[in-house]
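A short worksheet on the structure shown next.
The numbers here are math on the coordinates, done by the rules we state, and not lab data. Values in this document were obtained by computation on a predicted structure and should not be read as measured data. Backbone-built Cβ (ideal geometry, glycine too); neighbour counts: all protein chains shown.
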Amino acid sequence: MGPWMYYAPLWVGTLVSACVALTGMKAFMDVWEGSIWLVIAVAAVVLLMCVWTGLSLQLLMIGVQGVFARVVPVPVGRSIRGGAAQGVGGLILGSYVIGSFAGVARLLPAQQMLILACSAASGLCLLAALVVYLTNAFGAVRDF
């Protein structure tokens with residue numbers, strides 16, 4: 001698998017969210033009559049959000065790869081394999097699932113505490129995934 005295929009979630013996520021954002025920017029420009037620098041600043045923030053979406057999709061793909069293929073890539077041509085990779089992938093996917101509960105919690109009447117709890121649990125899952133990843137990165141095996 002080449003780099004274009006492996007990083008496809010990053011590129012596709014960034015491009016699709018940029019297309020959606022540019023549609024909104026077009027509507028914004030139609031009604032805006034102020035400074036062009038504010039428009040450039042808004043466009044820069046929108047672009048950063050698009051890249052963030054792409055990075056989020058890339059992280060999701062690494063989590064799925066860890067759970068189902070039991071392989072998590074490490075820089076310099078190495079990979080974490082086996083149970084540690086499955087643990088890292090499970091924690092990454094767990095953070096996404098718990099984080100999605102925070103979005104659902106907005107519909108509930110007592111939302112603030114539940115959103116805070118879900119966000120904290122999601123962050124702890126990502127922190128645990130990072131700790132497991134870093135402790136196993138030095139023992140990663142060389143790829144083919």
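Does the chain classify as rounded, prolate or oblate by the C-alpha gyration tensor (a ≥ b ≥ c root eigenvalues; a/c under 1.5 gives rounded; else a/b over b/c gives prolate, otherwise oblate)? Please list the in-between numbers first.
Details: a/c = 2.91, a/b = 1.49, b/c = 1.96.
Since a/c reaches 1.5 but b/c is at least a/b, the shape of the chain is classed as oblate.
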Query raised in the report: Spin-label point model (7 Å from Cα, Cβ direction): what's the Leu15 to Met113 distance in nm?
Result: 4.7 nm
Requested in this report: Give the distance, in whole Å, between the Cα centre of the stretch 38-74 and the Cα centre of the stretch 99-141.
Outcome: 16 Å
Query raised in the report: Could you give the radius of gyration (one decimal) and Dmax (whole number) of the Cα atoms in the stretch 1-62, in Å?
Result: 14.2, 48
Report task. Consider just the alpha-carbon atoms of the stretch 70-144 and return their Rg together with their Dmax, both in angstrom. Result -> 15.6, 54
Query raised in the report: In deg cm²/dmol and to the nearest 500, what is the mean residue ellipticity at 222 nm of the chain if only DSSP H runs of at least 4 residues count, each as -39500 (n - 2.57), divided by the residue total?
Result: -26000 deg cm²/dmol
Report summary line: Length-normalised contact order of the stretch 1-90, Cα under 8 Å, at least 6 apart, in percent, tallies to 29 percent
**Report entry** Dipole magnitude of the chain, debye to nearest 20 (Cβ charges: Lys/Arg +1, Asp/Glu -1, about Cα centre)
**Finding:** 460 debye
Query raised in the report: Taking the Cα atoms of the stretch 38-105, what is the range of coordinates along each of the three principal axes, in descending order and whole Å?
Result: 50, 37, 12
